[in-house]
Amino acid sequence: MPTISDFDYQRVPVAEGVSLNAAVGGSGPPIVLLHGFPQTHLMWRHVARDLAADHTVIVPDLRGYGESDKPSDGYSKRTMAADTVALARALGHDRFALAGHDRGAHVAFRAGLDHPGTITHLACLDILPTLDMWDVMRGASAAVGFHLYLMAQPPGLPEQLISGAPDAFFGHFLDAWTNDPSAIPPDVRAAYLNASRAAVPSIVADYRASAGIDVDHDTADREAGNRLRMPVTVLQQDWGAALGYDAAALWGAWAADLRHETVTCGHFMAEEAPAEVAKSLRTLLER
């Protein structure tokens, strides 16, 4: 299986019965990088090596993904954010910067709200906050997010359908969401498919939480007027133009110190445009 070269690998207990697989490299101020779907920590391989020149870089597989443990429950973003804080603390860091892509960005967003004294800087790549995501998904244009609705269904049918053709299902997103297929080489693609095939129930549970408990948590924060207190950078494709919303305005309601940037690469930007992503993260860390 591919690894991030020059990084050390550890299994770190973060909750009762749950350990995360994490790659750790570099030295200096800490930053944690959280991956998205249908990927593993490997999606950060280029950016992680770049940042490791002057930062301690921690790159885990999320609970339920990759080589991390896959409990039957515990997939609220609040629980997964607590995993992230526990991971960094176990490695000696009480405060750290945090960047997440896709599913990892939802975890990062929740960590920023739940742990404002711990997260020094926050970057979210190619998502909207959960409440806003569901609000903009309407009409025929919502077909692009069919997987959100499939995996929101009660346990049983989604797992059975996806398990029937896992490579076709997960491979669809690797193909449809990238502008540059060469950014995900065959060995990395195979690693993503192997990891996803072995994690269907936990991946579905992660998505199912975003149609349930995660909505409840975000709604409570919105009603209380809670906002992200740290400097925030958001990198996104121009989904707003396609689906009819103002992404920067939606994010601005959650973050006062916000820099919102639109990218021209595909969804897997840390692999398609790693230098651009690393530059944006370095600029964030200087704020």
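The values are calculated or read from the model by the stated rules, or taken from the named source; none is laboratory data. Model, not experiment: these values are computed from the prediction. Neighbour counts are summed over all protein chains in view; Cβ atoms, including those assigned to glycine, are modelled from backbone coordinates with ideal geometry. Each accessible area value is taken on the protein alone, full model and side chains, heavy atoms only, with ligands, DNA and RNA left out. Shrake-Rupley method; radii C 1.70, N 1.55, O 1.52, S 1.80 Å.
Those residues that are open to solvent by 50 Å² or more (accessible area, probe 1.4 Å) and either outside any loop (DSSP other than H, G, I, E, B) or modelled with pLDDT under 95 (or both), I need them from the stretch 18-40; list them, please.
The answer is none; no residue qualifies.
If a residue counts only when it is closer than 30 Å to residue 46 by Cα, which helices (runs of 4 or more DSSP H) contained entirely in the stretch 140-190 have at least 2 such residues?
The helices (runs of 4 or more DSSP H) meeting that bar are 146-150, 166-176.
So, in the stretch 232-263, exactly how many residues are within 25 Å of residue 48 (Cα to Cα), open to solvent by 20 Å² or more (accessible area, probe 1.4 Å) and not acidic (Asp, Glu)?
Residues in the stretch 232-263 being within 25 Å of residue 48 (Cα to Cα), open to solvent by 20 Å² or more (accessible area, probe 1.4 Å) and not acidic (Asp, Glu): 5 in total.
Taking the condition farther than 19 Å from residue 96 by Cα and either touching a residue at least 12 places away in the same chain (Cβ under 8 Å) or touching a strand residue (DSSP E or B) at 6+ places or on another chain (Cβ under 7 Å) (or both), does residue 25 pass? Walk me through how you get there before you give the answer.
Values: farther than 19 Å from residue 96 by Cα: no; either touching a residue at least 12 places away in the same chain (Cβ under 8 Å) or touching a strand residue (DSSP E or B) at 6+ places or on another chain (Cβ under 7 Å) (or both): yes.
Here the answer is no, as residue 25 does not meet what is asked.
Please go through the stretch 85-100 and pick out each residue that is of a type outside the set (Gly, Ala, Ser) and under 14 Å from residue 206 (Cβ atoms). Let's see the steps before the verdict.
Within the stretch 85-100, the first condition is being of a type outside the set (Gly, Ala, Ser), and the residues that meet it are 85, 87, 89, 91, 93-96, 98.
Within the stretch 85-100, no residue meets the criteria.
Among the residues of the stretch 195-228, write down those that are without any contact (Cβ under 8 Å) to a residue 24 or more places away in the chain and in a helix (DSSP H, G or I).
Matches in the stretch 195-228: 216, 220, 223, 224.
When residue 43 is evaluated against the numbered criteria (1) assigned to a helix (DSSP H, G or I); (2) closer than 22 Å to residue 231 by Cβ; (3) within 15 Å of the chain's Cα centre (by Cα), which criterion, by number, is the only one it fails?
(2)
Would you say residue 190 is within 20 Å of residue 34 (Cβ to Cβ) and of a type in the set (Gly, Ala, Ser)?
Answer is no for this residue.
On the given criteria, is residue 284 at pLDDT 95 or above and in a helix (DSSP H, G or I)?
yes
For the stretch 183-206, enumerate the residues that are hydroxyl-bearing (Ser, Thr, Tyr) and more than 16 Å from residue 161 (Cα to Cα).
Selection gives 192 alone.
Considering only the stretch 135-166, state which residues are modelled with pLDDT of 95 or more, among the hydrophobic types (A, V, I, L, M, F, W, C) and open to solvent by less than 60 Å² (accessible area, probe 1.4 Å).
Residues satisfying the conditions are 148, 150, 151, 152, 162, 165.
What's the number of the only condition in (1) surrounded by fewer than 24 Cβ atoms within 10 Å (Cβ to Cβ); (2) within 19 Å of residue 13 (Cα to Cα); (3) of a type outside the set (Val, Ile, Thr) that residue 116 fails to meet?
(2)
In this structure, does residue 266 turn out to be surrounded by fewer than 21 Cβ atoms within 10 Å (Cβ to Cβ) and closer than 23 Å to residue 59 by Cα? Show your work before the answer.
On the way: surrounded by fewer than 21 Cβ atoms within 10 Å (Cβ to Cβ): yes; closer than 23 Å to residue 59 by Cα: yes.
Judged against the criteria, residue 266 is a match.
Could you check how many residues of the stretch 1-17 are open to solvent by less than 20 Å² (accessible area, probe 1.4 Å) and free of Cβ contacts under 8 Å to residues at least 40 places away in the same chain?
0
Going residue by residue through the stretch 122-134, is there one that turns out to be in a helix (DSSP H, G or I), out of contact with any Ser or Thr (no Cβ under 9 Å at 6 or more places or on another chain) and among the hydrophobic types (A, V, I, L, M, F, W, C)?
Among the residues of the stretch 122-134, not one is in a helix (DSSP H, G or I), out of contact with any Ser or Thr (no Cβ under 9 Å at 6 or more places or on another chain) and among the hydrophobic types (A, V, I, L, M, F, W, C), which makes the answer no.
Name the single residue that is farthest from residue 276 (Cα to Cα) among those in the stretch 46-66 being touching a residue at least 60 places away in the same chain (Cβ under 8 Å) and open to solvent by 20 Å² or more (accessible area, probe 1.4 Å).
Across the stretch 46-66, the extreme among qualifying residues is 55.
Exactly one of these conditions fails for residue 91: (1) of a type in the set (A, V, I, L, M, F, W, C); (2) open to solvent by 10 Å² or more (accessible area, probe 1.4 Å); (3) at pLDDT 95 or above; (4) touching a helix residue (DSSP H, G or I) at 6+ places or on another chain (Cβ under 7 Å). Give me its number.
For residue 91, the exception is condition (4).
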